[in-house]
Amino acid sequence: MMPAARESLLDAAYTALARRPWSAVRMVDVAAAAGVSRQTLYNEFGSKEGLARALVRREADGYLAGVERALAAHADPRERLTATAEWTAATARENALVRAMLTGCWSERLPAPTLTAVPSSSAVPAQRRADGPLPSPGDFVALVRDRAVAVLGGPGAAKPDTAELARSCELAVRLAISCVSAPPGEGGVTDLVRAALHRQPV
């Protein structure tokens, strides 16, 4: 199956989930919306659980790709971390799956696949990856922190203390996630992260 068809199926599943609880999303409707047969959908994902895992994996990858863009968008390290925090809060506000992944709070409307790997007999590489472990909230903190440390402490960067840099990066990520759970008032995540990083060695 072409990757474009897989993406169309995932888009159809995401759209269906925005309209109704996952328990009410039917595989036949997802296939029809993507313009493929139900058998094609099952061949690609194996089951509704497989589709859920693939959808969660795609949204996780999309969030992490946005982190990469945010870290690359500025020259100033504090602005890079602020942009990453803004991206985290904005994406979680708009995307219920990202919000659930970052906070660990899965509502009854959402699929809630186990985060551990499941046995996979799929011949589809993307599905084998989706059947692998899915990131927990703690995994996301570590992934974003480590990526930020790699970018901010990379070649050509001033060499701050790595442990201190890691703490600053983790602080920005954790602040952003706390803003997802308890949205801040005026100034939002931007002011909070800037204030927190003001005295941090970044």
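The values are calculated or read from the model by the stated rules, or taken from the named source; none is laboratory data. If you're wondering where the values come from, they're calculated on a predicted model, not measured in any experiment. Ideal geometry is used to build each Cβ from the backbone, glycine not excepted, and the neighbour counts take in all protein chains shown. Ligands, DNA and RNA are excluded from the accessible area calculation, which covers all protein heavy atoms including side chains. Shrake-Rupley method; radii C 1.70, N 1.55, O 1.52, S 1.80 Å.
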Item to complete: Hey, can you tell me all the residues within the stretch 121-144 that are in a helix (DSSP H, G or I), hydrophobic (A, V, I, L, M, F, W, C) and touching a Lys or Arg at 6+ places or on another chain (Cβ under 8 Å)?
Response: ALA126, ALA130, VAL141
Worksheet item: Before we move on, is GLU44 under 18 Å from VAL144 (Cα atoms), in contact (Cβ under 8 Å) with a residue 24 or more places away in the chain and assigned to a helix (DSSP H, G or I)?
Response: no
Worksheet item: Restricted to the stretch 59-83, and to residues that are in contact (Cβ under 8 Å) with a residue 60 or more places away in the chain and of a type in the set (Lys, Arg), which residue is farthest from VAL124 (Cα to Cα)?
Response: ARG78
Item to complete: Among the residues of the stretch 51-98, count how many are open to solvent by less than 30 Å² (accessible area, probe 1.4 Å) and part of a helix (DSSP H, G or I).
Response: 25
Fill in: the stretch 183-202 - residue that is surrounded by fewer than 15 Cβ atoms within 10 Å (Cβ to Cβ) and farther than 18 Å from THR91 by Cα and, of those, modelled with the highest pLDDT
ALA195
Worksheet item: Looking at ARG129, ARG147, which one is of a type in the set (Lys, Arg), surrounded by 13 or more Cβ atoms within 10 Å (Cβ to Cβ) and touching an Asp or Glu at 6+ places or on another chain (Cβ under 9 Å)?
Response: ARG147
Discussion item. Among the numbered criteria (1) under 20 Å from the mean Cα position of the chain (by Cα); (2) at pLDDT 90 or above, which one does ALA112 miss?
Written reply: (2)
Fill in: Residue ID - nearest to ALA96 (Cα to Cα), chosen from residues in the stretch 166-182 that are in contact (Cβ under 8 Å) with a residue 24 or more places away in the chain and open to solvent by 40 Å² or more (accessible area, probe 1.4 Å)
SER181
Worksheet item: Mind checking which residues of the stretch 99-126 are of a type in the set (A, V, I, L, M), under 30 Å from LEU171 (Cβ atoms) and open to solvent by 30 Å² or more (accessible area, probe 1.4 Å)?
Response: ALA112, LEU115
Discussion item. Out of everything in the stretch 1-50 that is within 22 Å of the chain's Cα centre (by Cα) and of a type in the set (Lys, Arg), what residue ends up being most open to solvent (accessible area, probe 1.4 Å)?
Written reply: ARG19
Item to complete: Take the residues in the stretch 72-82 that are of a type outside the set (Lys, Arg) and closer than 14 Å to GLU170 by Cα, then tell me which one is farthest from the chain's Cα centre (by Cα).
Response: PRO77
